[in-house]
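A.B. asks: Sending over a structure as structure tokens; questions will come in a sec.
The values are calculated or read from the model by the stated rules, or taken from the named source; none is laboratory data. Predicted model only: the values in this text are computed from it and were never measured. Ideal geometry is used to build each Cβ from the backbone, glycine not excepted, and the neighbour counts take in all protein chains shown.
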Amino acid sequence: MSIAEIYQEAAVTTQNKGRLIVLLYEGAIRFLAQARTAIENGNYTQKTTSIAKARDIIFELNQSLNIEQGGTLAQNLRGLYNFLWRYIGQAGIQNNIEMIDKSIYILEDLTSAWRKICS
């Protein structure tokens with residue numbers, strides 16, 4: 001394991017839960033931006049990989065929700081995550097940059113909200 005990997009692992013494992021959510025959103029946004037660039041460049045292998053990574057993050061966020069404790073907020077997030085997971089998949093199938101941009105916009109709004117909560 002490299003020094004960078006050790007640092008990254010330590011940074012992730014020592015963050016509070018809200019900060020981890022922000023990091024996951026930022027990761028999904030980064031992968032969607034990579035997918036967008038890959039589509040523009042005709043690199044469909046990279047697009048597929050980046051879309052899959054973004055969807056994996058959304059899936060994990062969805063699975064981590066505690067509907068019983070989170071109530072309406074958790075239920076609303078579950079609906080949004082399910083929507084994003086399907087929408088991002090469609091964007092990848094259609095090579096649709098506009099759909100990717102809309103997904104990024106939604107995730108940026110969520111990131112902003114969580115940053116406010118965590119500060």
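A.B. asks: Here is a list of conditions, (1) of a type in the set (S, T, Y); (2) at pLDDT 95 or above; (3) over 20 Å from M99 (Cα atoms), and Y25 meets all of them except one; can you say which number that is?
C.D. replies: The single condition Y25 does not satisfy is (3).
A.B. asks: Across the stretch 77-119, which residue is surrounded by the fewest Cβ atoms within 10 Å (Cβ to Cβ) among those that are more than 21 Å from F31 (Cβ to Cβ) and modelled with pLDDT under 95?
C.D. replies: For the stretch 77-119, the residue satisfying everything is S119.
A.B. asks: In this structure, is R30 among the basic types (K, R), loosely packed, with under 14 Cβ neighbours inside 10 Å and part of a helix (DSSP H, G or I)? Reasoning before the result, please.
C.D. replies: Numbers: among the basic types (K, R): yes; loosely packed, with under 14 Cβ neighbours inside 10 Å: no; part of a helix (DSSP H, G or I): yes.
For R30, the condition - among the basic types (K, R), loosely packed, with under 14 Cβ neighbours inside 10 Å and part of a helix (DSSP H, G or I) - is not met.
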